[in-house]
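Scroll down for the structure; my scribbles are underneath it.
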Amino acid sequence: SLFEDPEARVSLEDYVGRMPDDQKRIYYLGGPDLASMKKSPNLEIFRRRGLEVLYLTEPIDEFVMNALGSYGGKTLTSIDSDDLELSASGKDEKAVVAGESAESKGAESGFSRVLDLFREAVGHRVREVRESKRLTDSPCCLVNSEGGFSTQMQRLMKLANKDFPEPARILEINPSSPLVRRLCRLSANSQHDAFIKQCGLQLWSNAMILDGVTPDPEDLVARVQGFMDEAAEKRSPLILA
């Protein structure tokens, strides 16, 4: 689990025994392997707040969590779910909250404009595009609607039934990300709207890839090629002394 030996097995009883008094939920993350789970952007807020997350590496674990629903009066919650209730845990609560508040206030004034452009670009591919309260470093992540299946459960359902409908998810954007801050500044000039929209699509694609899905591969390759062409044009062939 997060903050414990990731290779060691942890029981629900062990987890509950280490929980802060004000923590109402047991948090977990399922995935195909430990290496990919440890890179999930959804873990960032849990690292900051010092909250333990159980890693579920076996497919059966997801079914068990869904069947149980709760343990010891604590709701079992996947961290890629919309309905998180977080406490500051063992870390100094005032320092944690103050740090998050400062980051929020430091968000660029053009953020709402960037979100609007992202919504236009991504469209029906997601249920919603909104500001993230869980990210501290990554520019974006995908979360599942309240009461919906976790991302890992969706993978398992898809394996069992190729016609399983993929639910629309929520794309969360981190206003404190350096990339998003730059886009906020660019949004003051409408000539950059097309570029910002392309960035929105690429961020959505990146989030999907992190979750094990390669969306619209032809469009993805063309978009990345465009970014590379634009970056190459801005490079100088001159050798500076």
Contact list, first residue from the range 1-26 and more than 19 Å from residue 43 (Cα to Cα), second anywhere and of a type in the set (Asp, Glu) and surrounded by 14 or more Cβ atoms within 10 Å (Cβ to Cβ), beta-carbon distance below 9 Å, six or more apart or interchain, is 14/4
Among the residues of the range 138-173, write down those that are under 18 Å from residue 48 (Cα atoms), outside any strand (DSSP E or B) and of a type outside the set (Gly, Ala, Ser). 139
Going through the range 1-13 in order, the residues found to be modelled with pLDDT of 90 or more and surrounded by 15 or more Cβ atoms within 10 Å (Cβ to Cβ) are 12
Which numbered condition in (1) assigned to a loop (DSSP other than H, G, I, E, B); (2) free of Cβ contacts under 8 Å to residues at least 40 places away in the same chain; (3) buried (at least 19 other Cβ atoms within 10 Å of the Cβ) is the only one that residue 135 fails? (2)
Would you check if residue 235 is under 23 Å from the mean Cα position of the chain (by Cα) and at pLDDT below 95? no
Take the residues in the range 27-50 that are free of Cβ contacts under 8 Å to residues at least 40 places away in the same chain and of a type in the set (A, V, I, L, M); name whichever of them is nearest to residue 83 (Cα to Cα). 37
Residue under question is residue 138, and the condition is that it be over 25 Å from residue 57 (Cβ atoms), modelled with pLDDT of 90 or more and among the polar types (S, T, N, Q); does it hold? no
Just to be sure I understand the filter: pairs with C-beta atoms under 6 Å, separated by 6 or more residues or on different chains, first member in the range 214-227 and free of Cβ contacts under 8 Å to residues at least 24 places away in the same chain and within 14 Å of residue 203 (Cα to Cα), second member of a type outside the set (Phe, Trp, Tyr) and part of a helix (DSSP H, G or I). Which pairs pass? 220/205
In the range 178-192, how many are in contact with a helix residue (DSSP H, G or I) (Cβ under 6 Å, 6 or more places away or on another chain) and either in a helix (DSSP H, G or I) or over 19 Å from residue 110 (Cβ atoms) (or both)? 4
Does residue 51 satisfy being modelled with pLDDT of 90 or more, among the aliphatic types (A, V, I, L, M), in a loop (DSSP other than H, G, I, E, B) and within 29 Å of residue 177 (Cβ to Cβ)? yes
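The values are calculated or read from the model by the stated rules, or taken from the named source; none is laboratory data. Since the structure is predicted, the reported quantities are computational estimates derived from the model, not experimental observations. Here the Cβ is made from the backbone with ideal geometry for all residues, glycine too, and neighbour counts use every protein chain on show.
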